[in-house]
Amino acid sequence: MPLAKSVARTKNIFVIITKIAQAVFAIKLCTFSCLGPMIKLDDLLIFVTAADSGSLSAAARQLNLTPSVASVGLKRLETELGVRLLARSTRSLRLTPDGERYLQYARNVMGEVEAGRHAVARGRKAIGGTVSLSIPSDLGRHKLAPWLDEFQEKHPDVTLQMRIGDRVTNMFSNPVDLAVRYGTPEDSTLIALPLAPENRRVLCASPAYLSKHAYPLVPEDLLKHNCLRFSLSDTVHDHWTFYSDGEPVSVNVRGNRSSDDGELVRRWAVAGQGLAYKSRIDVLADLRSGALQALLTELEGESAPLSLVCAHRLMLSPTINALRDFLQQRIALYLAGPA
């Protein structure tokens with residue numbers, strides 16, 4: 001066989017053997033990391049504490065463990081590493097050469113874990129960071145936006161990312177931390193922090209509209225009026241309910257306009273296009289200025305509690321709690337005035 005071919009063949013065989021060895025090593029590595037037990041931080045802590053105290057029983061006392069639990073944790077770590085870390089006898093405990101080499105790495109790991117714990121704790125105590133917030137269109141533009149400006153002036157380390165719209169935000173699929181929403185969340189797993197729990201809807205119309213149409217005296221009179229309806233998730237809210245001594249009275253209203261934008265519905269009402277059934281918070285400024293007039297005031301409107309909604313209680317950081325408290329105070333002051 002020519003020398004060149006022999007060398008080439010030998011080289012090919014070497015490449016194949018190398019690839020097989022790499023594959024075997026990869027399988028072993030996968031088996032070790034995927035199927036075998038992982039190193040536990042608790043076991044590392046037992047090892048570091050025992051090395052520092054010079055006694056496994058002393059380490060157990062410091063960590064509030066029984067000696068047997070501490071011993072099992074240390075053995076588990078040694079088994080995982082495949083080396084003996086501590087030479088133990090009935091009276092003494094000393095680091096093996098492998099233990100001395102490994103100790104500095106174990107200290108580094110535990111130090112990083114503790115540093116991370118402190119960093120998270122500091123972050124949980126500070127008011128700051130980025131908060132993504134979904135807010136309804138009408139209330140968001142006219143009241144929440146200036147209130148949030150004031151909140152950021154008070155807490156300059158807070159960055160707000162705001163989305164304005166009336167569509168219900170999926171807190172799990174959309175990247176948003178909080179949502180200001182009317183009503184009770186359909187998903188019972190969501191956390192709803194009350195901002196205005198007693199808020200209700202108000203039937204209202206402009207003086208211009210009422211100058212051309214008879215005042216409704218009972219809910220059934222709404223059938224004679226052009227009702228400006230709000231739609232949400234492609235469903236038109238045309239079933240308006242009022243309460244007389246706690247008893248519901250409902251009317252299926254009609255009208256020539258509907259919108260999924262709550263602000264637009266309010267603008268139509270102010271412009272004299274018909275009757276609107278809106279959250280009192282949304283129309284309170286118009287009621288106070290006389291741009292709108294409340295109707296059927298002897299009846300209670302539908303409940304429309306306003307809440308700050310988040311996906312999980314663990315998200316209730318100092319920043320979010322401060323924002324909730326701030327909005328609660330601003331809304332309470334706003335509602336405390338006349339009308």
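The rows are residues; the columns are (1) within 21 Å of ARG88 (Cβ to Cβ); (2) in a helix (DSSP H, G or I); (3) at pLDDT 90 or above.
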| residue | (1), (2), (3) |
| --- | --- |
| LYS11 | no, yes, no |
| LYS19 | no, yes, no |
| MET38 | no, no, no |
| ILE46 | yes, yes, yes |
| ALA58 | yes, yes, no |
| ARG76 | yes, yes, yes |
Please state which one of ALA332, ALA294, ALA285 is assigned to a strand (DSSP E or B) and either more than 22 Å from the chain's Cα centre (by Cα) or among the aromatic types (Phe, Trp, Tyr) (or both). ALA294
Would you check which residues across region 267-301 are under 16 Å from ASN199 (Cβ atoms) and crowded, with 19+ Cβ neighbours inside 10 Å and list them? ALA276, TYR277, LYS278, SER279, ARG280, ILE281, ASP282, VAL283, LEU284, ASP286, GLY301
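Of these, THR241, THR297, THR319, THR235, which one is among the β-branched types (Val, Ile, Thr) and closer than 30 Å to GLY128 by Cα?
Numbers: THR241 fails: closer than 30 Å to GLY128 by Cα; THR297 fails: closer than 30 Å to GLY128 by Cα; THR235 fails: closer than 30 Å to GLY128 by Cα.
Every option except THR319 fails the conditions.
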When every residue in region 78-117 that is among the β-branched types (Val, Ile, Thr) and under 13 Å from LEU44 (Cα atoms) is compared, the one modelled with the lowest pLDDT is VAL113
Is there a residue being surrounded by fewer than 17 Cβ atoms within 10 Å (Cβ to Cβ), under 29 Å from the mean Cα position of the chain (by Cα), not assigned by TED's automatic domain parsing to the domain that holds ILE135 and not in a strand (DSSP E or B) anywhere in region 229-250? yes
Qualifying position, being surrounded by fewer than 16 Cβ atoms within 10 Å (Cβ to Cβ) and in a helix (DSSP H, G or I), among LEU223, LEU217: LEU223
The condition from (1) surrounded by 19 or more Cβ atoms within 10 Å (Cβ to Cβ); (2) within 30 Å of SER244 (Cβ to Cβ); (3) of a type outside the set (Lys, Arg) that PRO207 misses is numbered (1)
Quick test of your reading of the structure: LEU148 fulfils all but one of (1) closer than 21 Å to GLN329 by Cβ; (2) exposed (fewer than 15 other Cβ atoms within 10 Å of the Cβ). Name the failing condition by number. (2)
All but one of (1) of a type outside the set (Ser, Thr, Tyr); (2) assigned by TED's automatic domain parsing to the domain that holds ARG167; (3) not in a helix (DSSP H, G or I) hold for LYS278, so report the exception by its number. (2)
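It is to be established whether one or more residues within region 210-219 are among the aromatic types (Phe, Trp, Tyr) and more than 38 Å from the chain's Cα centre (by Cα).
Narrowing region 210-219 to residues among the aromatic types (Phe, Trp, Tyr): 215.
Restricting the remaining residues to those that are more than 38 Å from the chain's Cα centre (by Cα) gives 215.
Yes, there is a match, as at least one residue in region 210-219 is among the aromatic types (Phe, Trp, Tyr) and more than 38 Å from the chain's Cα centre (by Cα).
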Examine region 307-321 for a residue that is loosely packed, with under 13 Cβ neighbours inside 10 Å, touching a residue at least 40 places away in the same chain (Cβ under 8 Å) and not in a loop (DSSP other than H, G, I, E, B), and state whether such a residue exists. yes
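Have a look at ASN252, ASN256 and point out the one that is farther than 13 Å from GLU302 by Cβ, touching a strand residue (DSSP E or B) at 6+ places or on another chain (Cβ under 7 Å) and of a type in the set (S, T, N, Q).
Details: ASN256 fails: touching a strand residue (DSSP E or B) at 6+ places or on another chain (Cβ under 7 Å).
The unique qualifying residue is ASN252.
The values are calculated or read from the model by the stated rules, or taken from the named source; none is laboratory data. No experiment lies behind these values; they were computed from the predicted model shown. For neighbour counting, all protein chains shown are included, and Cβ atoms are generated from backbone atoms with ideal geometry for every residue, glycine included.
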